[in-house]
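A short write-up of the structure that comes next.
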C-alpha cells in the first residue's frame, strides 16, 4: 500500500484512482458520490479504496476482511457493497466534471447492478 496523501482540500493514493475532495460542509469521495462525509469518514473511505485498489479484492480467508467489515460499518455500508464500489474506477460526468462510480446515477444511493446480483444470493456465470 502506497499510503494516502491528505491535504486540507484533497485526499489521494497511488493505489487507487479514487479521490476525496472537500466540498461545502464536508467531503465528497469519488466512489460514494451521493454522500457528504465528515473528514474521518472520508479517510475511512480512502483506506478501503486504497486497500482494494492496491491489492485487489482480498481472498476470503484474508484477515483484512475483519478490518474491512469495521470500516464499511463506519460508512453504514456492507463489506460487499463497499468493496464492489471501491473496486470500480470513477467515471466523470461530462456536464459537471464530478466523478461517480459506474452504474450509480447521480443523486442515487443504489449500488451498482452487479453488486445487487452478487449479494442477493443470485449467481451469474
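Worth pointing out:
- Pick from the stretch 36-66, criterion closer than 14 Å to residue 20 by Cα, in contact (Cβ under 8 Å) with a residue 40 or more places away in the chain and touching a strand residue (DSSP E or B) at 6+ places or on another chain (Cβ under 8 Å), ranking: surrounded by the fewest Cβ atoms within 10 Å (Cβ to Cβ): 50
- Every condition in (1) without any contact (Cβ under 8 Å) to a residue 24 or more places away in the chain; (2) surrounded by 15 or more Cβ atoms within 10 Å (Cβ to Cβ); (3) farther than 18 Å from residue 3 by Cα holds for residue 69 except the one numbered (2).
- Only one of the numbered conditions (1) outside any helix (DSSP H, G or I); (2) surrounded by 15 or more Cβ atoms within 10 Å (Cβ to Cβ); (3) touching a residue at least 40 places away in the same chain (Cβ under 8 Å) is not met by residue 77, and that is (3).
- When the stretch 4-16 is filtered for residues that are assigned to a loop (DSSP other than H, G, I, E, B) and under 16 Å from the mean Cα position of the chain (by Cα), the ones remaining, listed by number, are 4, 14, 15.
- Residue within the stretch 17-28 that is surrounded by 15 or more Cβ atoms within 10 Å (Cβ to Cβ), closer than 15 Å to residue 77 by Cβ and either more than 11 Å from the chain's Cα centre (by Cα) or without any contact (Cβ under 8 Å) to a residue 40 or more places away in the chain (or both) present: no
Every number in this text was worked out from the coordinates using simple rules, so none of it is lab data. Worth saying up front: this structure is predicted, and the values here are computed from it rather than measured. Note that we place each Cβ from the backbone using ideal geometry, even for glycine, and neighbour counts take in every protein chain shown.
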